[in-house]
1. Determine the pairs where a residue that is touching a residue at least 60 places away in the same chain (Cβ under 8 Å), located within the stretch 10-35, has a partner that is of a type in the set (Val, Ile, Thr) and in a loop (DSSP other than H, G, I, E, B) with Cβ atoms under 9 Å apart, the partner being 6 or more residues away or on another chain.
2. Keeping to the stretch 103-143, report how many residues are closer than 14 Å to residue 11 by Cβ, of a type outside the set (Val, Ile, Thr) and touching a strand residue (DSSP E or B) at 6+ places or on another chain (Cβ under 9 Å).
3. Hey, any hits in the stretch 57-78 for a residue that's on the phi > 0 side of the Ramachandran plot and assigned to a loop (DSSP other than H, G, I, E, B)?
4. Have a look at 63, 107, 83 and point out the one that is surrounded by 15 or more Cβ atoms within 10 Å (Cβ to Cβ), over 21 Å from residue 143 (Cα atoms) and out of contact with any helix residue (DSSP H, G or I) (no Cβ under 6 Å at 6 or more places or on another chain).
5. Return yes or no: is residue 32 assigned to a loop (DSSP other than H, G, I, E, B) and surrounded by fewer than 13 Cβ atoms within 10 Å (Cβ to Cβ)?
6. Scan 113, 161, 124, 120 and give me the residue that is touching a Ser or Thr at 6+ places or on another chain (Cβ under 9 Å), under 24 Å from residue 83 (Cβ atoms), modelled with pLDDT of 85 or more and crowded, with 17+ Cβ neighbours inside 10 Å.
7. Condition first: out of contact with any Pro (no Cβ under 6 Å at 6 or more places or on another chain), buried (at least 17 other Cβ atoms within 10 Å of the Cβ) and at pLDDT 95 or above. Can you find one or more residues in the stretch 66-76 that meet it?
8. Quick check on my filter: what residues within the stretch 126-176 are under 17 Å from the mean Cα position of the chain (by Cα) and not in a helix (DSSP H, G or I)?
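The values are calculated or read from the model by the stated rules, or taken from the named source; none is laboratory data. Not measured: the values here are computed from a predicted model. Glycine also receives a Cβ, built like all others from the backbone with ideal geometry; neighbour counts cover every protein chain displayed.
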Amino acid sequence: MRVVIFGPPGAGKGTQAEWLTTHLSVPHLSTGEMLREVIAKGTAVGRAAQSYIDDGKLVPNDLVIQIVDDRLKEDDCRAGFLLDGFPRTLAQAETLNKLLDAHSEALDMVIDLAVPNEILNKRLLDRGRTDDAEDVIQKRFEVFQAETKPLLEHYDSRGLLRSVDGTGTRDEVRQRIRQLIDQHASANND
């Protein structure tokens, strides 16, 4: 399966991605991890990305796309993947569609972990991290909403979006996601 997982800060994407990649037997492709890997390997793309990071700049879209494209070509992605942190913009979503089309592949599902802001706020404050101050949290929510809303509409219009109630325990959320995955698998096996 080829899945993208979305969710605001504190929604539990990492927690859910961890078991989901095992359940689906696919790699978890986090853009942050992919960036760290290419930098550690010292590839040309990694060196280019590092130069932007060293200057305190965001890694440009074309480099991020190159890193994702290179990773999707690796053998362990043939059976599928779970993308986390990409795409972040409509332009990246369109590029992802083109990359997959070039390999005669397509996304199976886009999972959106939906959690009300007041619950997210409490989760993030309870973590006690230094970057989880209330004003910083609010700004992160605003950025997430501005960036992600168009993406959710994009994937919803393509019939790929599945919203999951991200409230409750980890196991409750996991069960909801498992039901979605099982329903998808059952529908495609008929």
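1. Note: pairs meeting the criteria are 10/115; 11/115; 12/115; 20/26.
2. Number of matching residues: 3.
3. No, every residue in the stretch 57-78 fails to be on the phi > 0 side of the Ramachandran plot and assigned to a loop (DSSP other than H, G, I, E, B).
4. Result: 107 is the single residue among 63, 107, 83 that is surrounded by 15 or more Cβ atoms within 10 Å (Cβ to Cβ), over 21 Å from residue 143 (Cα atoms) and out of contact with any helix residue (DSSP H, G or I) (no Cβ under 6 Å at 6 or more places or on another chain).
5. For residue 32, the condition - assigned to a loop (DSSP other than H, G, I, E, B) and surrounded by fewer than 13 Cβ atoms within 10 Å (Cβ to Cβ) - is not met.
6. Only one candidate passes the filter, namely 113.
7. Within the stretch 66-76, none of the residues are out of contact with any Pro (no Cβ under 6 Å at 6 or more places or on another chain), buried (at least 17 other Cβ atoms within 10 Å of the Cβ) and at pLDDT 95 or above.
8. Across the stretch 126-176, the qualifying residues are 160, 161, 162, 163, 164, 165, 166.
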